[in-house]
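Below: one structure in structure tokens.
The values are calculated or read from the model by the stated rules, or taken from the named source; none is laboratory data. The model shown is predicted, which means the values in this text are computed figures rather than measured ones. Cβ placement follows ideal geometry from the backbone for every residue including glycine, while neighbour counts extend to all protein chains displayed. For the accessible areas, the whole protein counts, side chains as well, though only heavy atoms, and no ligand, DNA or RNA atoms are used. Shrake-Rupley method; radii C 1.70, N 1.55, O 1.52, S 1.80 Å.
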Amino acid sequence: GEEEAPDDDDDDEVPGGVGGATRRLSYWELAKFGYQELVNAIIRPPRAEYDAEHLGPDYFEWHGRCYQRVDFELVNPRGLKLACSHWMPVERPSTPRPCLVYLHGNASARVEGVSQLALCLSIGITLVAFDFSGSGHSEGEWVSLGYWERDDLATVIAHLRATGSVSSIALWGRSMGAVCALMHGARDPSVAAMICDGAFADLPQLAEELVDKARDGGLAVPGFVASLALRMIRSSVLKTAKFKLEDVAPVKHVASSFVPALFVAGEHDDFVAAHHSRAIHAKYAGDKNLVMVEGDHNSPRPRFLFDSAAIFLQTYMDVPLAWTVPGADAFNAGVPPWVDAGAAVGLNLADLGLDLADVDRLSGGLDLGMTTERQLQVQQTLATVLGGGQPTTTHAGTASSSSSARRPPPGAASTSRRRGSLGGSGGPPRGRRPTDTTDDDDDDDDPV
């Protein structure tokens, strides 16, 4: 149905004051309280910054075999350039090889896919990773948490099929990338398999859960105030990024999807709780399995998941066991193939209590994905908006200010262009003036 438009008198009455008097909560007051920051949390997360060196060397040797990284650009249906990388053997195999396409999470980039490279090479397949439009080095001003990103994915898959060097194609998505995989998989049965880690089932449901979390933290939020804020956010997102929050709901697509799927959820994920993956898994029509792992939304995944994923991909991508690289380890101590894992091969970083922030520091200071700090920033911004401008501490804690945000070590690449998203507070990419997405004309009849 049509998107419900906000009230046309531009304000709502909010209880307060002496003797039951009321005050008016206008659109501009909400904007002052952080409304714009909350909109940016959805459509303008921090744009991950990284250098080519974070993608590894152009050529490297691993277990006596030579590999290369080939960078290339594609153009999506909206005319935006996508920055892509393909890791493959230097000597082109005589037959097409299966390829895993990695789909990064929110506030992240293709460099995140390097974690899956050892797994791919160890079983004899290639890896492609790319920056979604609006992320990393790709063009675009906004993200859509999976809605427009699925067209980026379709562009990459079409290119790979046209090269003639790729046989079966599988997907591995994390968070936003997992949502993209699910929404694309329902319309592309040619995908051989997909691994979906930390997907949310329904974006509006996730937003409502964040409101409930604020209430659990002691914030008294009248129902109509929360409804007003969410209604305004829906309208601004539609006008600015041209998609409806209600359309970013992979759970609505999975009943018609038959691509074999491995679902992954963190036992202690309190941002996108595990019940989202359980709900998707329950309604999924194809072959499926759900794996629960220790950790939260942004934790590195344990060794056993990589071992399970290797078997899963070999099975559904029809990868001959003869292609397995002798002595190669799919987990590789959680480091890229060009890093000398040495005696640390087999070390489980997750079991040592390290998170992705620790791995970032070990690999050059990149700050990727939905970090704990960014989760707190989103919760704090939401509490500030709903609390009428009064900063409120959620049960997860209080978000640190920009001055206390973790900085990369000297010489490392800058980590992000803006704080926060459904992962931190956002802003347009560097070099562009901020765009006011506050809906001040009270309609939302823009086409999607």
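Quick one: if you stick a label point 7 Å off each Cα along the C-beta vector at Cys66 and Ser94, how many nm between them?
2.0
Roughly speaking, to the nearest percent, how much of segment 105-166's 1.4 Å accessible area is carbon and sulfur?
Working: 610 of 1230 Å².
After summing per-atom areas, the C and S share lands at 50 percent.
Right, next: Summing +1 for each Lys or Arg and -1 for each Asp or Glu, what net charge is found among the other residues whose Cβ lies under 11 Å from the Cβ of Leu82?
Numbers: positive: Arg78, Lys81, Arg110; negative: Glu73, Asp131, Glu139, Glu149, Asp151, Asp152.
After counting each charged neighbour, the total is -3.
Which trypsin sites (Lys or Arg not before Pro) from segment 197-263 combine a DSSP loop assignment with at most 10 other Cβ atoms within 10 Å?
Values: sites: Lys213, Arg215, Arg231, Arg234, Lys239, Lys242, Lys244, Lys252; in loops: Lys242, Lys244.
Answer in residue order: no site qualifies.
Under a straight-distance cross-link criterion of Cα-Cα below 30 Å, which lysines are reachable from Lys239, leaving out those fewer than 8 residues away in the same chain?
Lys32, Lys81, Lys213, Lys252
What does the accessible area per residue of segment 44-110 come to in Å², with a 1.4 Å probe and no ligands, DNA or RNA counted?
Working: 2870 Å² over 67 residues.
Averaged over the residues of segment 44-110, the accessible area is 43 Å².
Can you work out ³J(HN,Hα) from phi for every residue in segment 228-236, in order, using Karplus 6.51 cos²θ - 1.76 cosθ + 1.60 and θ = phi - 60°, giving whole Hz and x for Gly and Pro?
Couplings: 4, 4, 5, 5, 5, 5, 4, 5, 5 Hz.
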